[in-house]
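Here is the structure we will look at.
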Amino acid sequence: MTDTYLNLVNSGFTKKIAQQLGLPRPAILRRFRPGQPLVDGPVLVLGSGADADTVARILSGTSGPGGPAADGAIDPVSTIPGWDLDVRRDPAAGDRYAAVVLVLTEVAHPDDLAGAVLALGSVLKTLPPHARIVTVSRPATADEGPATAAARQGIDGILRSVAKELRAGATANGVVMADGVPVTAPSALGALRFFLSTRSAFVDGQLLDIDTDGGALPLDWDRPLEGRVAVVTGAARGIGAAIAATLARDGATVVAVDVPAAGEQLAAVANRVHGTALQLDVTTPDAGTRILEHAMARHGRLDIVVHNAGILRDKLLANMTPDRWGSIIAVNIAAQLRINEQLLTSGDFTNEPRIVALASTSGIAGNRGQTNYAASKGGVIGMVRATAPLLTAFGGTANAVAPGFIETDMTAKIPPVMRQVARRLNSLQQGGQPIDVAEAVAFLASPQAGGVVGHVLRVCGQNLVGQ
Ligand code: NAI
């Protein structure tokens, strides 16, 4: 789907008119291309303490074997190759930072927030388009006492508010590491890198929890899925087709699954990604077994399952029919539960497996006319939370991605005026593209996300609906 308004306010004469009229001007987001620099300009690392120093070392490339050796002791940072970014530690007049990282793991009282946060404020007006702000912090649990919890939860409020103040495609997101998880954990660095990069173009105002130091840093950040075999359901079009292409770009061999009626489109997707096609309705009772048999027979293994197939049958609850209710539950959640059970009991889904399922902001905030859909998508969130622990013994994870408004055939059916409104109701003032969801799925499927266990990552441009 084309967003005509977005294109008009970003081109020539109509751009000037929009400026003069003070109309909202959503930016054309910069999206990931292989070979692109991770961050296109200097990075300001704010915060004091050992974690801030470690982050600065890794970002700047003074970590790694060639970095400064600590006296005698083994320095864990020296085993991590640096990212070779242009890192600064103090704001300087005239600098324009492409990214600002606030390392706030040591805050113990709300009084501790002012230094780094006001320093961020002092550079906000000079940030270039598409800038990135990332906080690195700890969760506000009861363990450390009320003052620390207050300071830590305050970061949540700051982050979400700053995200709403940014303009021109800039975003703000946070990495929240459980107590005891070091800042060098694969998922802490993986999430930091995801949020800094253009892969997270439509992720805004989100805080991602890192539960463990599980997972592994990839040998090649551009191809973290090399050697892995991934199944994507509903892959014939829309978000599923983008997920198939993105996982293949990142190195995976892809099995594309969709209903027989979509067979032609499915074959085209499978060919494009050099994978294989499996025509299968996910509600078939032995769908999980058939997926596994196909993957084992054609590719010798199965590592990643992306539950993307989904349908809509909107109706106000007062007018809901058993058929509309039942078909949504069957496709959007019951099929996922059954497939997972078959995979988990097979004994063949045990090599650091990843399950990533498509939820929706409707499953978090609710949506008029969508009790059935929201039941299924809320169900996905509950499902990943309870499935993740079943996979930890194998180094596996289960997580969900909750898209907001994404431009696909599904949302093209929304009446035009409602569609225009839905697009503008987020901080980036536009709908996302299928690739935006696919990038988040690819991150959660990657080895570096092994410490993200049972969570939901929203890809919604900081939709004003819900959290
Ligand atoms: P789409 O309707 O464009 O594509 C869905 C695909 O799933 C189609 O190829 C369809 O044939 C396939 N499918 C449907 N039932 C199936 C079944 N029983 N077995 C196998 N394949 C089946 O949808 P879109 O927009 O690409 O959405 C993908 C996922 O993202 C869905 O789970 C949807 O609920 C979710 N989502 C989409 C949002 C959006 O704004 N487009 C927002 C939030 C969530």
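The values are calculated or read from the model by the stated rules, or taken from the named source; none is laboratory data. Everything numeric here is computed off the predicted structure, so don't read it as measured data. So basically every Cβ, Gly included, is an ideal-geometry build from the backbone, and we count neighbours across all protein chains shown. Areas reflect the complete protein model, heavy atoms only, side chains present, ligands, DNA and RNA absent. Shrake-Rupley method; radii C 1.70, N 1.55, O 1.52, S 1.80 Å.
Select, from 363, 461, 378, the only residue that is in a helix (DSSP H, G or I), within 13 Å of the ligand (Cβ to nearest atom) and under 20 Å from residue 160 (Cβ atoms).
On the way: 461 fails: in a helix (DSSP H, G or I); 378 fails: under 20 Å from residue 160 (Cβ atoms).
Sole residue among the options that is in a helix (DSSP H, G or I), within 13 Å of the ligand (Cβ to nearest atom) and under 20 Å from residue 160 (Cβ atoms): 363.
One residue is enough: does the stretch 439-453 have a residue meeting the conditions within 14 Å of the ligand (Cβ to nearest atom) and not in a helix (DSSP H, G or I)?
No; the residues of the stretch 439-453 include none that is within 14 Å of the ligand (Cβ to nearest atom) and not in a helix (DSSP H, G or I).
Any residue at all in the stretch 222-244 that is open to solvent by less than 20 Å² (accessible area, probe 1.4 Å), out of contact with any His (no Cβ under 9 Å at 6 or more places or on another chain), at pLDDT 95 or above and of a type in the set (D, E, K, R)?
Among the residues of the stretch 222-244, not one is open to solvent by less than 20 Å² (accessible area, probe 1.4 Å), out of contact with any His (no Cβ under 9 Å at 6 or more places or on another chain), at pLDDT 95 or above and of a type in the set (D, E, K, R), which makes the answer no.
Of all residues in the stretch 228-254, which are closer than 14 Å to residue 272 by Cα, within 6 Å of the ligand (Cβ to nearest atom) and not in a loop (DSSP other than H, G, I, E, B)?
240
From the list 396, 379, 369, which one is touching a residue at least 24 places away in the same chain (Cβ under 8 Å) and either open to solvent by 20 Å² or more (accessible area, probe 1.4 Å) or in contact with a strand residue (DSSP E or B) (Cβ under 6 Å, 6 or more places away or on another chain) (or both)? Full working, then the answer.
Working: 396 fails: either open to solvent by 20 Å² or more (accessible area, probe 1.4 Å) or in contact with a strand residue (DSSP E or B) (Cβ under 6 Å, 6 or more places away or on another chain) (or both); 369 fails: either open to solvent by 20 Å² or more (accessible area, probe 1.4 Å) or in contact with a strand residue (DSSP E or B) (Cβ under 6 Å, 6 or more places away or on another chain) (or both).
Going through 396, 379, 369 in turn, the sole match is 379.
Could you give me the residue pairs with C-beta distances under 7 Å whose first residue belongs to the stretch 409-420 and is near the ligand (Cβ under 9 Å from one of its atoms), whose second residue is β-branched (Val, Ile, Thr) wherever it lies, and which are 6+ apart or on separate chains?
Close Cβ pairs satisfying both conditions: none exist.
Which of the residues spanning the stretch 343-357 are touching a residue at least 12 places away in the same chain (Cβ under 8 Å) and open to solvent by 10 Å² or more (accessible area, probe 1.4 Å)?
Selection gives 344, 346, 348, 350, 351, 352.
From the set of residues in the stretch 396-414 that are at pLDDT 95 or above and over 15 Å from residue 361 (Cα atoms), which is farthest from the chain's Cα centre (by Cα)?
In this case the residue turns out to be 396.
Mind listing just one residue for me: the one in the stretch 325-351 that is within 12 Å of the ligand (Cβ to nearest atom) and of a type in the set (S, T, N, Q) and, of those, farthest from residue 386 (Cα to Cα)?
Top of the filtered list is 327.
Mind checking which pairs have a first residue in the stretch 251-267 that is open to solvent by 20 Å² or more (accessible area, probe 1.4 Å) and a second that is assigned to a strand (DSSP E or B) and within 10 Å of the ligand (Cβ to nearest atom), Cβ under 6 Å, 6 or more apart or different chains?
Matching pairs, first to second residue: 260/279.
Quick check: anything in the stretch 421-430 under 25 Å from residue 329 (Cβ atoms) and touching a residue at least 24 places away in the same chain (Cβ under 8 Å)?
no
Of all residues being touching a Gly at 6+ places or on another chain (Cβ under 8 Å) and open to solvent by 80 Å² or more (accessible area, probe 1.4 Å) in the stretch 10-46, which is modelled with the highest pLDDT? Just the residue, please.
Looking at residues that are touching a Gly at 6+ places or on another chain (Cβ under 8 Å) and open to solvent by 80 Å² or more (accessible area, probe 1.4 Å), I get 30.
Give me the residue from the stretch 74-85 that is open to solvent by less than 70 Å² (accessible area, probe 1.4 Å) and not β-branched (Val, Ile, Thr) and, out of that set, modelled with the lowest pLDDT.
75
Open to solvent by 40 Å² or more (accessible area, probe 1.4 Å), in contact (Cβ under 8 Å) with a residue 24 or more places away in the chain, on the phi > 0 side of the Ramachandran plot and away from the ligand (no atom under 15 Å from the Cβ): is that true of residue 215 in this structure? First the steps, then the outcome.
On the way: open to solvent by 40 Å² or more (accessible area, probe 1.4 Å): yes; in contact (Cβ under 8 Å) with a residue 24 or more places away in the chain: yes; on the phi > 0 side of the Ramachandran plot: yes; away from the ligand (no atom under 15 Å from the Cβ): yes.
Taking the combined requirement at face value, the residue satisfies it.
Quick check: is even one residue across the stretch 198-208 under 30 Å from residue 172 (Cβ atoms) and within 13 Å of the ligand (Cβ to nearest atom)?
Yes: one or more hits.
Looking at 140, 114, 150 in this structure, which one is without any contact (Cβ under 8 Å) to a residue 12 or more places away in the chain and in the same structural domain as residue 39 (by TED's automatic domain parsing)?
114
Which members of the stretch 425-461 meet the condition of being surrounded by fewer than 24 Cβ atoms within 10 Å (Cβ to Cβ) and more than 20 Å from residue 178 (Cβ to Cβ)?
425, 427, 429, 430, 433, 434, 435
In the stretch 281-324, what count of residues is obtained for those that are free of Cβ contacts under 8 Å to residues at least 24 places away in the same chain, in a helix (DSSP H, G or I) and within 16 Å of the ligand (Cβ to nearest atom)?
Summing the residues that are free of Cβ contacts under 8 Å to residues at least 24 places away in the same chain, in a helix (DSSP H, G or I) and within 16 Å of the ligand (Cβ to nearest atom) in the stretch 281-324 gives 2.
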